[in-house]
1. What are the pairs, 6+ residues apart or on separate chains, where a residue within region 46-60 that is closer than 15 Å to ILE88 by Cβ has its Cβ under 6 Å from a residue that is part of a loop (DSSP other than H, G, I, E, B) and among the aliphatic types (A, V, I, L, M)?
2. Give me a count of the residues in region 71-112 that are over 10 Å from the mean Cα position of the chain (by Cα), aliphatic (A, V, I, L, M) and closer than 16 Å to LYS49 by Cα.
3. Could you list, in sequence order, the residues of region 56-83 that are closer than 14 Å to LEU46 by Cβ and in a loop (DSSP other than H, G, I, E, B)?
4. Considering each of GLY94, GLY86, GLY133 in turn, give the residue that is modelled with pLDDT under 95, assigned to a loop (DSSP other than H, G, I, E, B), within 20 Å of GLN45 (Cβ to Cβ) and of a type outside the set (Ser, Thr, Tyr).
5. Which of the residues spanning region 94-112 are surrounded by 17 or more Cβ atoms within 10 Å (Cβ to Cβ) and either within 20 Å of ILE77 (Cβ to Cβ) or of a type outside the set (Gly, Ala, Ser) (or both)?
6. Would you check which residues across region 52-70 are more than 9 Å from the chain's Cα centre (by Cα) and either small (Gly, Ala, Ser) or within 12 Å of VAL83 (Cβ to Cβ) (or both) and list them?
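The values are calculated or read from the model by the stated rules, or taken from the named source; none is laboratory data. Just so it is clear, the model here is predicted, and its values are computed rather than measured. Note that we place each Cβ from the backbone using ideal geometry, even for glycine, and neighbour counts take in every protein chain shown.
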Amino acid sequence: MEHETSLPDGIGRPSIYQICISRGYRPWRLFLFGLHSERKKGKAQLLIKGEGIIAGIELAEKIFKMYDPSLKVELLIKDGDPVQYGDIGLTVQGSSASILSSERLVLNCMQRMSGIATITHRLTEKSCIPKPG
């Protein structure tokens, strides 16, 4: 499957997805699962595996949609929300091949962003700076 790496109209700089594709990221795991057909449909959920502050939910939707505009993404929580083990962050439905091809980039970005958000939240809770309000 060939991927479009040109910039959409109105965007002046490359997206994270475009940078990753241009640097050689390719979803080879797709072939390991034998999902050669775009016709196979699937559904996936983002299951939260720990306690913290979620970040990257909106970015995840953009990555899924950029990879395959026909994917249906439902955001169940918002960036900045506290989360716990077992929460569901989002669901995505559509081509199984597209979901598997884009999920690793989504997870890598969200894990990094959520880790930073969680550590920042914990540090501000421990700081001596008075809380606004």
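1. ILE54/ILE77
2. Number of matching residues: 4.
3. Correct list: GLY56, LEU71, LEU76, ILE77, LYS78, ASP79, ASP81.
4. Exactly one of GLY94, GLY86, GLY133 is modelled with pLDDT under 95, assigned to a loop (DSSP other than H, G, I, E, B), within 20 Å of GLN45 (Cβ to Cβ) and of a type outside the set (Ser, Thr, Tyr), namely GLY86.
5. ILE99, LEU100, SER102, GLU103, LEU105, VAL106, CYS109, MET110 - these are the residues of region 94-112 that are surrounded by 17 or more Cβ atoms within 10 Å (Cβ to Cβ) and either within 20 Å of ILE77 (Cβ to Cβ) or of a type outside the set (Gly, Ala, Ser) (or both).
6. Residues satisfying the conditions are GLY52, ILE53, ILE54, ALA55, SER70.
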